[in-house]
1. Here is a check on your reading of the model: is ARG283 part of a helix (DSSP H, G or I) and crowded, with 24+ Cβ neighbours inside 10 Å?
2. State yes or no: is GLY317 part of a loop (DSSP other than H, G, I, E, B) and either over 25 Å from GLU31 (Cβ atoms) or not small (Gly, Ala, Ser) (or both)?
3. Looking at this structure, is GLY41 among the small types (Gly, Ala, Ser) and touching a strand residue (DSSP E or B) at 6+ places or on another chain (Cβ under 7 Å)?
4. Applying the selection to region 286-295, what residues are among the aromatic types (Phe, Trp, Tyr) and either assigned to a helix (DSSP H, G or I) or under 12 Å from THR313 (Cα atoms) (or both)?
5. Quick check: anything in region 125-134 within 16 Å of ligand 1 (Cβ to nearest atom) and either in contact with a Ser or Thr (Cβ under 6 Å, 6 or more places away or on another chain) or free of Cβ contacts under 8 Å to residues at least 40 places away in the same chain (or both)?
6. Which one of ALA355, ALA335 is closer than 16 Å to THR309 by Cβ, open to solvent by 60 Å² or more (accessible area, probe 1.4 Å) and either aliphatic (A, V, I, L, M) or out of contact with any helix residue (DSSP H, G or I) (no Cβ under 8 Å at 6 or more places or on another chain) (or both)?
7. For region 219-234, check the following and say yes or no: at least one residue is more than 14 Å from ligand 1 (Cβ to nearest atom) and either closer than 18 Å to PHE258 by Cα or of a type in the set (Phe, Trp, Tyr) (or both).
Amino acid sequence: MQLSGVFKTTGMDKRLLAIADKVKNNERITEEEGVILFEKGELGFVGALANDIATRLHGGKVYFNRNFHIEPTNVCVFTCNFCSYSRQYKHRDEGWEMGLEQMLDIVRKYDGQPVTEVHIVGGVHPKMNLEFFCELLSKIRAHRPDLHLKGFTAVELDYMFRKAKLTTQEGMQRLKDAGLQSLPGGGAEIFHPDVRNVICADKVDGDGWLHIHQTAHELGMHSNATMLYGHIEKYEHRVDHMSRLRQLQDTTGGFNCFIPLKFRNKDNDMSNIAETSIIEDLRMYAIARIFMDNFRNLKAYWPMLGRQTAQLTLSFGVNDLDGTIDDTTKIYSMAGSEEQSPSLSTEELCDMIEAVGRIPVERDTLYNELRTYTTAV
Ligand code: V47
Ligand code: SF4
C-alpha cells in the first residue's frame, strides 16, 4: 500500500491527506500547507513522509565530513539577544582575538591528517577587515591547498564589505580570489522583520542575507542556509523563512544544504524562553524535509542538538550530520548544549549512523562522496 493509503485508514484531517498525496507524487507543498503541517501534523505522520523523501533521495546513506573550525574572535559589534558567545568591544578582555599566526597554527595542527574542510566563523570584530581575512585565506590556501575553505556568515561579510566600501560582488570576488570556496549558513536566524527586529535588530536584514548568498552563487560558489528556531517565532515565520530560501534555490541552485538550528537558552538575553522539546525538534526537521523540496541535503548539526537527538533525526528526514569538529567551536557549548567539548572520531560518527540502520558516507563540502563505510572503521 502507498504511504498516503496507510493514512487514509486513520480518519485523518483531509488537508493532511492531500499533503501526503503530494509527497507521494513528488509535488511541492504550499506555504499554507507548511503551516498546516506545523499546526496539525503529529510526529509519526510528518516523520513517515520525511523519511520517505530522504530514502527516495539518498537510499540509506547518511553523510558526514572531516572538518575543524577556526573562530577568529568572539568580539562582536552586534548584540543579538540569543547569542551567548559574543563579547562587546569594550569588554574584549573577556573574549578572544586571534592573530594570523595563531590561526595558521591551528591549520598546521592538522598537517598529515585527512581533514577536508576548515569552517571559519566568528564575531564581527571592528578591526578584523577584508584585507586581514584575504591574507588569512591565501596563507591557508598556500599551506594546505587540498583543504576546502568555507567561511564567514553573511553578517560578517556584510560588515566587511561595507567597511571596505565595496559592493557585495566586488568584496566576494576578492575573497574568492584569496581562496574562499563556500559560505556557511549562519546569520540567517529568522528573516521575517517582526521577529528579526526583536532578536537581532542591528545586523544585516533578511533581504541582505539572501542578496549575499545570491551573489556568491552567481560567482559560482556554494553555500549553506540555516534557520534559528524555537524562540519567539510563530510557525508562519518558519514557513516564510523556508519559503524565501526555497525561492532563491529555484533561481540559483547554489545551496548545498539546509540546517535548522535549535535555540539554546543558556547565558543569553533570551534565557527566559524555554527550549523546544525533542518532539518539536524532530517535527521541525521532518517538516523542513517535506517543505524544502529543492534542497538535496538536510543537516542536523550535532554539537548544537546533542549527539543522541542528532541520531534520532536520521529517522526524520535528515541525511547529514556535519563533521568530526575536533572540539574547535564554542558557539553551542557556551549556549548550553550538552556537547561541552564537541569532537567525534570517524569511527564514532560511523557507529552513530550504523546504529540506526543507515550507511555512513564521508563527503566533502560539496557533497561529493569520498568513502562509504560498510562496517565501522
Ligand atoms: O547564526 C547563535 C546560531 C549560528 C545560538 O553552514 C545559536 O555548515 C542556537 O550557522 N542557540 C552560527 N543557535 C553557526 C552556524 C553554523 C553552524 C554549523 C554549521 C554551519 C554550516 C553553520 O549559530 C548563528 C546563530 O543562528 N546561534 N547563538 C544559540 N544560543
Ligand atoms: Fe555577533 Fe553573531 Fe553573536 Fe550576533 S550571533 S552577536 S552577529 S557573534
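1. no
2. no
3. Details: among the small types (Gly, Ala, Ser): yes; touching a strand residue (DSSP E or B) at 6+ places or on another chain (Cβ under 7 Å): no.
Here the answer is no, as GLY41 does not meet what is asked.
4. First, the residues of region 286-295 that are among the aromatic types (Phe, Trp, Tyr): 291, 295.
The answer is PHE291, and nothing else.
5. Taking region 125-134 first, the residues within 16 Å of ligand 1 (Cβ to nearest atom) are 125.
Next cut, either in contact with a Ser or Thr (Cβ under 6 Å, 6 or more places away or on another chain) or free of Cβ contacts under 8 Å to residues at least 40 places away in the same chain (or both) only: 125.
Looking through region 125-134, at least one residue is within 16 Å of ligand 1 (Cβ to nearest atom) and either in contact with a Ser or Thr (Cβ under 6 Å, 6 or more places away or on another chain) or free of Cβ contacts under 8 Å to residues at least 40 places away in the same chain (or both).
6. Numbers: ALA335 fails: open to solvent by 60 Å² or more (accessible area, probe 1.4 Å).
Selected residue: ALA355, the only one of ALA355, ALA335 that is closer than 16 Å to THR309 by Cβ, open to solvent by 60 Å² or more (accessible area, probe 1.4 Å) and either aliphatic (A, V, I, L, M) or out of contact with any helix residue (DSSP H, G or I) (no Cβ under 8 Å at 6 or more places or on another chain) (or both).
7. Of the residues in region 219-234, the ones more than 14 Å from ligand 1 (Cβ to nearest atom) are 219-220, 234.
Checking the rest, the ones that are also either closer than 18 Å to PHE258 by Cα or of a type in the set (Phe, Trp, Tyr) (or both) come to none.
No, region 219-234 has no match at all.
Conditions (1) touching a residue at least 60 places away in the same chain (Cβ under 8 Å); (2) within 16 Å of ligand 2 (Cβ to nearest atom); (3) not β-branched (Val, Ile, Thr), marked per residue:
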position	(1), (2), (3)
LEU157	no, yes, yes
PRO193	no, no, yes
VAL198	yes, yes, no
ASP207	no, no, yes
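The values are calculated or read from the model by the stated rules, or taken from the named source; none is laboratory data. Note that this is a predicted model, so its numbers are computed, not measured. Positions of Cβ are backbone-derived with ideal geometry, glycine not excepted, and every protein chain shown enters the neighbour counts. Just the protein is used for accessible areas: all its heavy atoms, side chains included, with ligands, DNA and RNA removed. Shrake-Rupley method; radii C 1.70, N 1.55, O 1.52, S 1.80 Å.
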